Number of protein chains: 2
Amino acid sequence: MKLKEFAARIGLSQTTVSRAMSGYPEVKPETRARVLEAAERLGYRPNISAQRLATGRAGAIGIVFQGGGRFGPHSSEFMGGLSTRLQKDGIDILVSTVETEADEAAAYRRLAASKRVDAVVVHTPKVADARIALLQKLGLPFVVHGRSEAERPFAFLDIDNFGAIATATEHLAGLGHRRIALINGDPANTYARDRDLGYRTALARRSLTADPALTGHGEFTDENGFRLMQGFLALPAPPTAVIAGSMMSALGAMRAIRIAGLAVGRDVSLIAHDDVFPYLSPENFVPPVTTTQSPIRSAGERIGDLVLRLLRGEAPKALQEIWPVDFRVRGSTGPAPG
Amino acid sequence: MKLKEFAARIGLSQTTVSRAMSGYPEVKPETRARVLEAAERLGYRPNISAQRLATGRAGAIGIVFQGGGRFGPHSSEFMGGLSTRLQKDGIDILVSTVETEADEAAAYRRLAASKRVDAVVVHTPKVADARIALLQKLGLPFVVHGRSEAERPFAFLDIDNFGAIATATEHLAGLGHRRIALINGDPANTYARDRDLGYRTALARRSLTADPALTGHGEFTDENGFRLMQGFLALPAPPTAVIAGSMMSALGAMRAIRIAGLAVGRDVSLIAHDDVFPYLSPENFVPPVTTTQSPIRSAGERIGDLVLRLLRGEAPKALQEIWPVDFRVRGSTGPAPG
DNA sequence: CTGAAAGCGCTTACAG
DNA sequence: CTGAAAGCGCTTACAG
């Protein structure tokens with residue numbers, strides 16, 4: 001059913017019906033109630049495409065994933081939160097996948113030119129990220145999940161990666177560990193750079209030197225965790241503690257430790273950063289894993305908020321948040337061995 | 001830039017420009033080339049909302065996830081495949097999350113009434129699934145990932161869950177195992193019912209009786225795998241083999257086996273169904289895990305194909321596929337002990 | 001508080 | 001092969 005027919009059916013003009021349904025203030029309360037009741041009863045729903053054309057708003061935001069690789073467990077949790085939040089305001093999420101960085105830039109140009117979305121969410125930013133300048137140039141509003149360095153201020157939400165890893169490192173140093181390994185992500189990404197800085201800063205505070213052989217980089221997969229940890233343990237002076245970038249890499253690292261005939265929490269202490277996956281909980285590991293943790297789902301929800309506020313006209317500068325990270329000590333960490 | 005301005009700029013009518021850009025056959029090749037070149041050069045892109053209103057097509061398909069729980073690693077991989085495929089045809093994916101079954105039904109009604117999507121993808125169907133009848137009633141085209149029982153034929157893609165678990169069970173029985181446990185999903189879901197049937201059928205073929213105490217149900221999380229396996233091992237007559245429904249539950253099950261002081265592949269054989277997660281590979285486990293495997297990402301891509309064909313008018317009946325499942329023997333399975 | 005009518009930016013049946 | 005014009009189903013400035 002269309003507006004014209006619906007309006008005729010209930011004896012009102014299209015104008016009044018439209019205003020009543022969109023929640024405009026100038027409609028008499030009884031009229032609005034009558035319209036809403038009738039819409040429900042007769043099953044009238046405005047055509048989204050027509051609404052969008054008339055208002056110039058897309059009613060959707062975009063998010064681009066590069067390669068299949070990036071659409072992993074972190075993305076799912078994040079999307080769950082983002083989607084839950086935006087749903088409440090009737091905003092759709094439009095998911096695109098691309099292969100390369102150039103494809104991603106092209107995707108933003110396309111989204112902007114075709115007015116397909118009102119804003120985009122950018123994730124996994126690099127320290128110097130071309131996407132930010134591009135979006136600012138295109139005039140396509142955006143919120144970044146993570147931080148980056150840019151000329152002009154932009155909206156973002158990030159967790160305190162520096163603080164999280166600094167805390168973990170200091171905790172291990174406090175337990176007497178002097179050789180602490182770090183399984184980190186691609187150092188071009190801001191989060192990995194921040195974690196590295198937190199690690200080095202904490203070591204320095206404790207007068208420990210950072211051995212480059214004790215830092216490994218790569219995607220947070222089980223396999224990388226395993227390989228990197230095996231490498232660390234094969235060193236002439238292996239570490240007595242390791243900080244894993246995610247629960248996935250922790251899984252692999254724990255396996256490597258066990259295969260080497262060592263016990264987690266006794267011979268080698270382990271701390272993992274946990275984004276809080278409902279299907280993989282650090283408490284259920286044996287031993288339970290000490291973590292720095294920050295639910296990525298909540299970050300998704302909050303970024304939904306930030307997007308909505310951005311679209312309502314708030315200045316990007318006012319939409320910047322950094323979340324502290326929880327630290328939970330469990331059985332996987334203990335005093336440095338003899 | 002709008003069509004009117006763009007058309008004027010290159011000295012053609014809006015009609016011709018529109019036809020040239022949409023690939024209609026009646027435009028002279030040189031004209032089309034000229035239009036496309038100019039669009040590229042001047043940065044003209046048709047406004048999506050206007051196109052949609054004029055054609056009556058949404059240019060998007062919908063997918064609904066119930067609760068955060070269902071948006072796990074399987075969903076991510078599936079979405080990666082689906083999105084990659086639909087992207088090629090310029091079809092957007094609209095993701096919604098809802099809490100309850102009733103909310104999901106409401107979401108479909110909303111999507112249908114507002115013409116927000118041209119079709120939807122339904123996943124994790126139950127044996128008797130109300131969503132199918134609802135979508136057929138609403139006239140909203142859909143493709144199901146999985147199978148279900150319904151009056152009228154519908155488009156679907158499923159893997160051979162029956163065959164996969166029957167093969168795994170027979171393999172274990174062939175190795176002399178007589179007490180084989182199964183970690184399965186919610187039995188209301190078709191895939192879990194099919195796996196259960198495959199398990200029972202294989203046991204019967206080998207003249208083994210199915211002990212209800214050896215079947216467990218629940219979400220495929222690490223934790224559930226752990227708890228269920230611990231329960232099995234605490235039985236008066238514990239199993240010597242287990243089939244885990246996913247790599248996540250296999251993780252937990254393996255831990256429970258180890259904690260009990262038993263060795264995977266020697267004291268207890270383990271087979272996992274693997275949906276092929278890039279960050280968690282069965283070959284990297286210790287011992288490497290024997291699997292029935294079927295990439296859920298490929299299923300996502302293929303379902304994208306089916307959706308496009310459905311929208312082109314092919315009959316749902318012609319769009320039904322069941323994929324065989326690979327079986328890979330690795331170190332986690334061995335002869336039944338003593 | 002309500003309505004008649006223009007306009008959003010495309011597509012496409014019809015005419016040539 | 002190309003074009004003038006109606007129409008897609010809404011919103012909203014303007015008038016009352």
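The values are calculated or read from the model by the stated rules, or taken from the named source; none is laboratory data. Nothing here was measured: the structure is a model prediction, and the numbers come from that model. Cβ placement follows ideal geometry from the backbone for every residue including glycine, while neighbour counts extend to all protein chains displayed.
Taking the conditions exactly as written (hydroxyl-bearing (Ser, Thr, Tyr), more than 30 Å from B:Glu77 (Cβ to Cβ) and within 8 Å of DNA strand C (Cβ to nearest atom)), does A:Ser22 satisfy them or not? Steps first, answer last, please.
Working: hydroxyl-bearing (Ser, Thr, Tyr): yes; more than 30 Å from B:Glu77 (Cβ to Cβ): yes; within 8 Å of DNA strand C (Cβ to nearest atom): no.
No: the conditions fail for A:Ser22.
To keep it simple, each residue is scored yes or no on (1) more than 14 Å from chain A (Cβ to nearest Cβ); (2) in contact with a strand residue (DSSP E or B) (Cβ under 6 Å, 6 or more places away or on another chain); (3) of a type in the set (Asp, Glu).
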| residue | (1), (2), (3) |
| --- | --- |
| B:Ala168 | yes, yes, no |
| B:His171 | yes, no, no |
| B:Ala181 | yes, yes, no |
| B:Arg205 | yes, no, no |
| B:Ala210 | yes, no, no |
| B:Leu228 | no, yes, no |
| B:Leu235 | yes, no, no |
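Condition test on B:Ala7, is it more than 7 Å from DNA strand D (Cβ to nearest atom), crowded, with 19+ Cβ neighbours inside 10 Å and at the interface with another protein chain (Cβ under 10 Å from one of its Cβ atoms)?
Values: more than 7 Å from DNA strand D (Cβ to nearest atom): yes; crowded, with 19+ Cβ neighbours inside 10 Å: yes; at the interface with another protein chain (Cβ under 10 Å from one of its Cβ atoms): no.
No, not satisfied.
Among the residues of segment B:1-15, how many are near DNA strand C (Cβ under 10 Å from one of its atoms) and either assigned to a helix (DSSP H, G or I) or of a type in the set (Asp, Glu) (or both)? Give the derivation first.
If we filter segment B:1-15 for residues that are near DNA strand C (Cβ under 10 Å from one of its atoms), which is where we start, we get B:1-7, B:13-15.
Narrowing further to those that are either assigned to a helix (DSSP H, G or I) or of a type in the set (Asp, Glu) (or both): B:3-7, B:14-15.
Final tally of qualifying residues: 7.
For segment B:68-88, check the following and say yes or no: at least one residue is at positive phi, away from DNA strand D (no atom under 16 Å from the Cβ) and of a type in the set (Gly, Ala, Ser).
Within segment B:68-88, none of the residues are at positive phi, away from DNA strand D (no atom under 16 Å from the Cβ) and of a type in the set (Gly, Ala, Ser).
Test of understanding: among B:Ile243, B:Ile296, B:Ile303, B:Ile271, which residue is within 13 Å of chain A (Cβ to nearest Cβ) and among the hydrophobic types (A, V, I, L, M, F, W, C)? So that I can check it myself, show each step before the final result.
Details: B:Ile243 fails: within 13 Å of chain A (Cβ to nearest Cβ); B:Ile303 fails: within 13 Å of chain A (Cβ to nearest Cβ); B:Ile271 fails: within 13 Å of chain A (Cβ to nearest Cβ).
The match here is B:Ile296.
Just one of (1) at pLDDT below 90; (2) in contact with an Asp or Glu (Cβ under 7 Å, 6 or more places away or on another chain); (3) more than 30 Å from B:Pro278 (Cβ to Cβ) trips up A:Ser22, so point out which.
With respect to (1) at pLDDT below 90; (2) in contact with an Asp or Glu (Cβ under 7 Å, 6 or more places away or on another chain); (3) more than 30 Å from B:Pro278 (Cβ to Cβ), A:Ser22 is out only on (2).
Scanning segment A:35-68 for residues that are within 11 Å of DNA strand C (Cβ to nearest atom), aliphatic (A, V, I, L, M) and surrounded by 19 or more Cβ atoms within 10 Å (Cβ to Cβ), which turns out farthest from the other protein chains (Cβ to nearest Cβ)?
A:Val35
Look at B:Gly80 and say whether it is at the interface with chain A (Cβ under 8 Å from one of its Cβ atoms) and within 30 Å of B:Asp186 (Cα to Cα). Break it down stepwise before answering.
Working: at the interface with chain A (Cβ under 8 Å from one of its Cβ atoms): yes; within 30 Å of B:Asp186 (Cα to Cα): yes.
Judged against the criteria, B:Gly80 is a match.
Taking A:Ala234 as meeting all but one of (1) modelled with pLDDT of 95 or more; (2) over 23 Å from the mean Cα position of the chain (by Cα); (3) crowded, with 24+ Cβ neighbours inside 10 Å, write down the number of the exception.
(3)
Just name the residue that is surrounded by the most Cβ atoms within 10 Å (Cβ to Cβ) out of those in segment A:16-34 that are in a helix (DSSP H, G or I) and within 11 Å of DNA strand D (Cβ to nearest atom). Please lay out each step first, then the result.
Filtering segment A:16-34 for residues in a helix (DSSP H, G or I) gives A:16-22, A:29-34.
Okay, now just the ones that are also within 11 Å of DNA strand D (Cβ to nearest atom), so A:16-22.
Working: A:Thr16: 18, A:Val17: 27, A:Ser18: 18, A:Arg19: 18, A:Ala20: 23, A:Met21: 19, A:Ser22: 11.
If we take residues in segment A:16-34 being in a helix (DSSP H, G or I) and within 11 Å of DNA strand D (Cβ to nearest atom), then A:Val17 is surrounded by the most Cβ atoms within 10 Å (Cβ to Cβ).
Within segment B:35-46, identify whether any single residue is under 23 Å from B:Asp118 (Cβ atoms) and within 20 Å of the chain's Cα centre (by Cα), and answer yes or no. Full working, then the answer.
First, pick out the residues of segment B:35-46 that are under 23 Å from B:Asp118 (Cβ atoms): B:45-46.
So of that shortlist, the ones also within 20 Å of the chain's Cα centre (by Cα) come out as none.
Scanning segment B:35-46, I find no residue that is under 23 Å from B:Asp118 (Cβ atoms) and within 20 Å of the chain's Cα centre (by Cα), so the answer is no.
Restricting to segment B:172-196, name every residue that is surrounded by fewer than 20 Cβ atoms within 10 Å (Cβ to Cβ), charged (D, E, K, R) and in a helix (DSSP H, G or I).
B:Arg193
Within segment A:78-96, can one find any residue that is farther than 27 Å from B:Tyr279 by Cβ, part of a strand (DSSP E or B) and modelled with pLDDT of 85 or more?
Going through segment A:78-96, the residues farther than 27 Å from B:Tyr279 by Cβ turn out to be A:87-92.
When the remaining residues are screened for being part of a strand (DSSP E or B), the result is A:92.
If we keep only those that are modelled with pLDDT of 85 or more too, we end up with A:92.
Yes; the residues of segment A:78-96 include at least one that is farther than 27 Å from B:Tyr279 by Cβ, part of a strand (DSSP E or B) and modelled with pLDDT of 85 or more.
List the pairs whose first member sits in segment A:101-122 and is at pLDDT below 90, whose second member is of a type in the set (Phe, Trp, Tyr) and not in a helix (DSSP H, G or I), and whose Cβ atoms are under 9 Å apart, counting only residues at least 6 apart or on separate chains?
A:Ala113/B:Tyr44
Here is a yes/no grid of residues against (1) out of contact with any Phe, Trp or Tyr (no Cβ under 6 Å at 6 or more places or on another chain); (2) more than 9 Å from chain B (Cβ to nearest Cβ):
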site: A:Arg85; (1), (2): yes, yes
site: A:Lys88; (1), (2): yes, yes
site: A:Ile93; (1), (2): yes, no
site: A:Ser96; (1), (2): yes, no
site: A:Asp103; (1), (2): yes, yes
site: A:Arg109; (1), (2): yes, no
site: A:Ala112; (1), (2): yes, no
site: A:Arg116; (1), (2): yes, no
site: A:Val120; (1), (2): no, yes
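Taking the stated definitions as given, is B:Asp92 of a type in the set (D, E, K, R), within 16 Å of DNA strand D (Cβ to nearest atom), crowded, with 20+ Cβ neighbours inside 10 Å and more than 30 Å from B:Ser249 (Cα to Cα)? Even if it seems obvious, please write down each step before you answer.
Numbers: of a type in the set (D, E, K, R): yes; within 16 Å of DNA strand D (Cβ to nearest atom): no; crowded, with 20+ Cβ neighbours inside 10 Å: yes; more than 30 Å from B:Ser249 (Cα to Cα): yes.
Against the criterion (of a type in the set (D, E, K, R), within 16 Å of DNA strand D (Cβ to nearest atom), crowded, with 20+ Cβ neighbours inside 10 Å and more than 30 Å from B:Ser249 (Cα to Cα)), B:Asp92 does not qualify.
Could you list, in sequence order, the residues of segment A:315-338 that are touching a Phe, Trp or Tyr at 6+ places or on another chain (Cβ under 6 Å) and under 21 Å from A:Glu283 (Cβ atoms)?
none
With segment B:197-293 as the region, which strands (runs of 3 or more DSSP E) entirely inside it contain at least 2 residues that are small (Gly, Ala, Ser)? Quick ask: steps written out before the conclusion?
Details: elements: B:215-217, B:241-244, B:269-274, B:290-293.
The qualifying strands (runs of 3 or more DSSP E) are B:241-244, B:269-274.
Is it the case that some residue within segment A:47-62 is more than 41 Å from the chain's Cα centre (by Cα), without any contact (Cβ under 8 Å) to a residue 24 or more places away in the chain and either over 23 Å from A:Arg116 (Cα atoms) or within 12 Å of DNA strand D (Cβ to nearest atom) (or both)? Reasoning before the result, please.
Narrowing segment A:47-62 to residues more than 41 Å from the chain's Cα centre (by Cα): none.
No, there is no match, as no residue in segment A:47-62 is more than 41 Å from the chain's Cα centre (by Cα), without any contact (Cβ under 8 Å) to a residue 24 or more places away in the chain and either over 23 Å from A:Arg116 (Cα atoms) or within 12 Å of DNA strand D (Cβ to nearest atom) (or both).
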